[in-house]
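Contents: one structure, followed by commentary.
The values are calculated or read from the model by the stated rules, or taken from the named source; none is laboratory data. What you see is a predicted model; the values in this text were computed from it and never measured. No Cβ is skipped: glycine too gets one built from the backbone with ideal geometry, and neighbour counts run over all protein chains shown. These area figures cover heavy atoms from the full protein model, side chains too; ligands, DNA and RNA do not enter into them. Shrake-Rupley method; radii C 1.70, N 1.55, O 1.52, S 1.80 Å.
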Amino acid sequence: MSDATLIAELKEPALPADARELLLGELRDTGRLRDRTAELRHDLCAEVLRRSLYYDPNPDEREHRTPQERIHQAADLFTWAVAPVAHDEQHRHALLEVFHWFCRQQPPASNLWIERTVLAPVSELPPNLPVALWQELVRDLLRRPGPTPRHPRQRPTSARPDRSRHPGHPAVRRA
């Protein structure tokens with residue numbers, strides 16, 4: 001089957017999860033990845049983003065994988081189906097939604113997905129995201145709710161060590 005046929009099948013709304021996994025496995029074939037046309041790369045990326053195939057937070061009750069295994073598989077899908085064309089402006093809005101969604105999720109799942117797609121992807125090449133998307137990703141991560149950093153409490157003045165007796169202190173050198 002051609003990539004065009006496989007991608008058309010992937011677009012079927014009633015496609016069962018098992019069939020989808022088989023199609024994605026075939027589309028991931030190294031030879032297909034190498035020979036896929038730019039148009040089909042964009043078509044596949046758009047479908048993965050449109051159908052949120054990069055991660056399903058509510059898996060089927062028959063799902064047998066752990067959340068970590070699902071994250072690893074989703075990140076792998078992202079690196080071969082989305083990242084190669086992530087720089088293209090036509091995918092910017094959908095990618096913003098993906099990263100924004102993951103930035104709002106609670107660790108460790110969200111951290112693991114971001115690490116496996118952006119910081120340390122399986123392909124060892126970070127996605128070629130547009131600058132505006134990188135900026136939005138960092139902005140979202142900085143706004144992410146989390147524990148408030150604890151500031152060390154200042155010790156009372158009397159508890160501070162007397163540094164005037166230290167050999168490097170100016171008062172000692174003058175003596």
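Percent of C-alpha pairs per 5 Å bin in the stretch 32-134, short distances first: 2, 13, 24, 26, 20, 10, 5, 1. Ligands, DNA and RNA aside, Arg116 has an accessible area near 60 Å² when probed at 1.4 Å. Backbone phi angles across the stretch 79-87, fed through the Karplus curve with coefficients 6.51, -1.76 and 1.60 (θ = phi - 60°), yield HN-Hα couplings of 5, 9, 9, 10, 3, x, 10, 4, 6 Hz in residue order; Gly and Pro are listed as x. Amide H to amide H, with H built 1.01 Å from N, Ala86 comes under 5 Å of Asn128, counting only residues 5 or more places away or on other chains. Rounded to the nearest 0.05, what FRET efficiency do Asp35 and Val122 have when you use their Cβ-Cβ distance and R0 = 25 Å? Computed FRET efficiency for Asp35 and Val122 comes out at 0.80. Sorted largest first by accessible area at a 1.4 angstrom probe radius, with every protein chain in place, the residues His93, His87, His72, His42 fall in the order His93, His87, His72, His42. Applied to the stretch 122-133, the Karplus parametrisation 6.51 cos²θ - 1.76 cosθ + 1.60 on θ = phi - 60° returns per-residue 3J(HN,Hα) values of 4, 6, 6, 10, x, x, 7, 7, x, 3, 4, 6 Hz, with x for Gly and Pro.
Counting only protein heavy atoms and a probe of 1.4 Å, the accessible surface of the stretch 1-128 is 52% carbon and sulfur.
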